[in-house]
Amino acid sequence: MMRRRQKLRYSKCALAVAGTILGAACQVPAPTTAPQPAAIGPRLVPAPASLVTAAGAPFRILRTTSVFVDTTSAEVRSIGEMLASLIRRPTSFPVAVAPIGVPSIGAIILRLAPDRTALGEEGYELNVTSDSVRLVANRPAGLFRGIQTIRQLLPADIESDMGLDRVDWPIPALRIVDQPRFAWRGAMLDVARHFFTVREVEQYIDILALYKMNVLHLHLSDDQGWRIVINSRPKLTAMGSLTQVGGGPGGFYTQQDYQDIVRYAQARYITIVPEIDMPGHINAGLAGYPELACSTRPPGLYSGTDVGWSTLCVDKEETYAFVDDVVREISAMTPGPWFHMGGDEVQTLTVEQYVRFVERVQVIVNKYGKKMIGWEEITKARLNPTTLAHQWKSDSATAALAYGSKLILSPAPKAYLDMKYTASTELGLHWAGYVEVRDSYDWDPAAYMKGVTERDIVGVEAPMWSETLRNISAVEYLAMPRLPAIAEVGWTPQTARSWESFRVRLVTHEPRWRYLGINYYRSPQLPW
Ligand code: TNX
C-alpha cells in the first residue's frame, strides 16, 4: 500500500556496502535480553497506552503464515489484505487472506469484537505469542491502527518493496491495549501557496497513516491559488489556479481528483477536512470573480507572500450566493462531517462586518450538513456548539468555550511544521520562532492554555504552510521528524510519554523512512 517511489528505494545494507553514512543502520539491532520498560519497549511511535512484553519467544512470519479475518466484512477483508500485501513484498511469502475458522496455528488473526466497546472507535488489543498474532478491535479503524503497530513491531526491512534475502521476520511476544488520547490527530497541508499533485498528497497520507493520525486538513485556497474545481463557478480554477508563490505554474484538483484523495484517505481511516479560506486570503478566487470584491480595481493573480490584504465584499448579497455554491459542491464531495472556513488574518473589515460574515457562513455550512471549523479569529462571532475553533497563535480561541464549542490546538511554536528547526534551516519561516523536534514533542495540550482543560480540546493538528515548499520532498524535510512528535502528543496518554523515551524510539524509524523514500531532518537532538 505504501510504496511507489521506485527510484528512491534501496536496501540499506547495499548502501552501507557502498560506504555511505548508512553503515550503522545496516547492523542488525542487538537482541533484547531483559524486559524493557514499556515506555521504550519495542520501537513504537506513537507509544501505546499500555504495553507488556512477554518472556516467550517471538512470533515468526514464515512462508506458511496467513492473515485470518472475518471475510464477510469487506472492510475487514481489505484491512487484512493491506497487512498481507505489506508482508508479501519484502518476504516474497505468499501470505493468503483467509476466513477465520480454518486451522489457524501460526496465524495472524484480525477480528472485530462488537462487545469491546471500551476500545472505542480507534482502539485495539494486540496479543503476540510464539504461536499467533491476535488483533482485536471494536471498530475497523481500530484494526487499521493495530496493523500499523504490527508493521512497526516487524524489522524495518518490512518497508522494503523488493524481495530481501532476510529469512527472520520476528514480532516480539507482548500484549498491547491501546487507544488514542484525542479523537483529532491532524495534519494540514497548504496546497494553495504551492500546489501538490494527487500522488504527492497520497504520499503525505501514507506518512500520517504510519503514525496513526486521522485527519488531513487541505488548505485549498489562498491569495496565490484556488485549487479545486467548483462546477458552478468555473473561473475559480480557470483563472485562480494559474500561479503559486514565486510565479510557478500552480495547478488544481478536478472534482474527481479530490474524490480520489478522499477515498485514498478513507481507506486509511483518515478524514479529509476541506478548507476554503474566507473572507480574507481570497485573492485567487477574486481573480475570476472580481465583482465579489468591494474595490473596482481588478485583482489579478498574486505570487507574493503577504497576508491580510484581500477580502470578499461581505456587504454584497452575491457574496453569499458564491459561498453557498462553494460550500454546497465541496460538502457533497466530502464524506467527513467538517468544513473549514478559514477566517484568519482579515485586516480590511470592521469587526462587525467580519462577525456578520462568519455567522452567515456558519448557517450555510450547517445547511449542507457540515459542522464548521475556523481559525481562532472566528471566536469573535457567535458560534454554534458544534463549531470548532482552531487555535494557532494566541489564547483568543478560548472565547469559543463560552459557546460550548471545542478547540483544535495548533500552537505555532509547537505544531507549525513550516517553522524552521534552527536559524540555519534553509526551508521554512520563523515568525513563531525556531521549532526543534523537542519543542514539538515536549508539551501537554491540556496544560498549554490557561482555562483550557482536556475536555475542551478535540485534539491537535500540525499545519504545513507551503510558502517556501516547492516540492513534496521539502514538505517531508519539515514534517520529519516533527510530525511523528505531534502524532504522539495526540495519541499517547501524557503519563506514558517522555522525551527521553521518544528520542530513542524515533531514531529506530530512520531505516523505514529511507526505504519509503521519505526525506527528513537529522536533528542534533536525536541519537542517530
Ligand atoms: C499564518 S496560520 C497564516 C498563514 C501563513 C502562516 C505561515 C494562519 C491561520 N494563517 O496564512 O501561511 O502563518 O506560517
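For segment 369-382, how many residues meet the condition of being open to solvent by 10 Å² or more (accessible area, probe 1.4 Å) and farther than 16 Å from Val326 by Cα? Selection size over segment 369-382: 4. Candidates in segment 320-357 are the residues that are free of Cβ contacts under 8 Å to residues at least 40 places away in the same chain and over 27 Å from the mean Cα position of the chain (by Cα); of these, the one that is most open to solvent (accessible area, probe 1.4 Å) is Glu352. Number of residues in segment 105-126 that are under 26 Å from the mean Cα position of the chain (by Cα), aliphatic (A, V, I, L, M) and open to solvent by 30 Å² or more (accessible area, probe 1.4 Å) equals 2. The residues on offer are Lys212, Lys235, and the sole one that is open to solvent by 10 Å² or more (accessible area, probe 1.4 Å) and basic (Lys, Arg) is Lys235.
All conditions but one from (1) among the hydrophobic types (A, V, I, L, M, F, W, C); (2) crowded, with 20+ Cβ neighbours inside 10 Å; (3) over 13 Å from the mean Cα position of the chain (by Cα) apply to Trp528; the one that does not is (2). Considering Ser303, Ser310, the condition of being in contact (Cβ under 8 Å) with a residue 12 or more places away in the chain, polar (S, T, N, Q), surrounded by fewer than 20 Cβ atoms within 10 Å (Cβ to Cβ) and under 25 Å from Ala412 (Cβ atoms) is satisfied by Ser303 alone.
The values are calculated or read from the model by the stated rules, or taken from the named source; none is laboratory data. Keep in mind that what you see is a predicted model, and the values were worked out from it rather than measured. All Cβ positions, glycine included, derive from the backbone under ideal geometry; neighbour counts span all protein chains shown. The accessibility values were calculated without ligands, DNA or RNA, using every heavy atom of the protein model including side chains. Shrake-Rupley method; radii C 1.70, N 1.55, O 1.52, S 1.80 Å.
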